[in-house]
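Have a look at the structure below, then the notes.
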Amino acid sequence: MSLHPTVGVAEDSGLIWKPSKLSNTSYEASIGLAAPDWTDVSGGVQIGLESETPGGRVRAPVAFWARIVDQSSNLAAIRAAREVNFGYATETGVADVAMSQQVKQILTDSLDIEVRRHLTLQYDRNGNQVDFSDLEQSLKLTHVPSGAAFGLQVSAEPGLRKLRPAVTLEKRFSSHLKVVGTLSNITTTQPNAAVRGRYSIRW
């Protein structure tokens, strides 16, 4: 069960209701409310029904969640969005807070820069310990006329015991087609290279 479910907000009422089927033996539903006239603040509870086998013993894990989104910095040359998610799973006794920030700025007529940061701090009630479970930071430079981009990413293992840097080259050929090449583990003797393409269409 995710401590930070993706939720949908019913129009006008501010009611959040999103049931989902995870498998033939597991279901979950996110129920909550968005603050009136301020839908960037929401919170609620996530209830699950899980069984290892059909007709077997059913578990009903419960998690509480809250979300705060700030998009106040939305100017012509710079856009910034910040998001804070809180979660607590009653079954495992694990609570965490995840903080994300995205800043996109127009440097010149042809060059954009985008910075993303993400940090998750986790508390385990059973072990009575606080630890960093997730840390990511990336920087991306995009040449808008050509659709080419260069990116640097740094992520960390839980507890910040090891950093994993990576380099990304990206080329957008159209609004539907994009190719991305990534070189990760560049500080080791065996770096990993990968190329992937993405084609999307909407109708």
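The values are calculated or read from the model by the stated rules, or taken from the named source; none is laboratory data. Computed from a predicted structure; not experimentally measured. Every residue, glycine among them, receives a Cβ derived from its backbone with ideal geometry; neighbour counts consider all protein chains shown. Keep in mind that these areas ignore ligands, DNA and RNA; they rest on the heavy atoms of the full protein, side chains included. Shrake-Rupley method; radii C 1.70, N 1.55, O 1.52, S 1.80 Å.
Numbers at a glance
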{"item": "Leading residue by the ranking (farthest from the chain's Cα centre (by Cα)) among those in the stretch 170-202 that are hydroxyl-bearing (Ser, Thr, Tyr) and in a loop (DSSP other than H, G, I, E, B)", "result": "THR189"}
{"item": "Meets criteria (modelled with pLDDT under 80 and either loosely packed, with under 15 Cβ neighbours inside 10 Å or acidic (Asp, Glu) (or both)) for ASP12", "result": "yes"}
{"item": "Enumeration of residues in the stretch 102-125 that are within 17 Å of ALA156 (Cα to Cα) and open to solvent by 40 Å² or more (accessible area, probe 1.4 Å)", "result": "ARG116, ARG117, HIS118, LEU119, LEU121, GLN122"}
{"item": "Criterion (within 26 Å of GLY44 (Cα to Cα) and open to solvent by 60 Å² or more (accessible area, probe 1.4 Å)) met by exactly one of GLU91, GLU136", "result": "GLU91"}
{"item": "Of all residues making up the stretch 147-180, the number that are farther than 17 Å from LYS104 by Cβ, loosely packed, with under 14 Cβ neighbours inside 10 Å and in contact with a Lys or Arg (Cβ under 8 Å, 6 or more places away or on another chain)", "result": "2"}
{"item": "Test for GLU91: is it touching an Asp or Glu at 6+ places or on another chain (Cβ under 9 Å) and not hydroxyl-bearing (Ser, Thr, Tyr)", "result": "no"}
{"item": "Index of the failed condition, VAL167 passing every other in (1) at pLDDT below 85; (2) under 22 Å from the mean Cα position of the chain (by Cα); (3) aliphatic (A, V, I, L, M)", "result": "(1)"}
{"item": "Residue match in the stretch 102-116 (condition: part of a loop (DSSP other than H, G, I, E, B), in contact with a Lys or Arg (Cβ under 7 Å, 6 or more places away or on another chain), of a type outside the set (Lys, Arg) and in contact (Cβ under 8 Å) with a residue 12 or more places away in the chain)", "result": "no"}
{"item": "Filter pass, THR53 being exposed (fewer than 13 other Cβ atoms within 10 Å of the Cβ), outside any strand (DSSP E or B) and among the hydroxyl-bearing types (Ser, Thr, Tyr)", "result": "yes"}
{"item": "Single condition TRP65 does not satisfy, out of (1) open to solvent by 90 Å² or more (accessible area, probe 1.4 Å); (2) in contact (Cβ under 8 Å) with a residue 24 or more places away in the chain; (3) assigned to a strand (DSSP E or B)", "result": "(1)"}
{"item": "Residue satisfying all of: in the stretch 143-164; outside any strand (DSSP E or B) and in contact with an Asp or Glu (Cβ under 7 Å, 6 or more places away or on another chain); modelled with the lowest pLDDT among these", "result": "GLY159"}
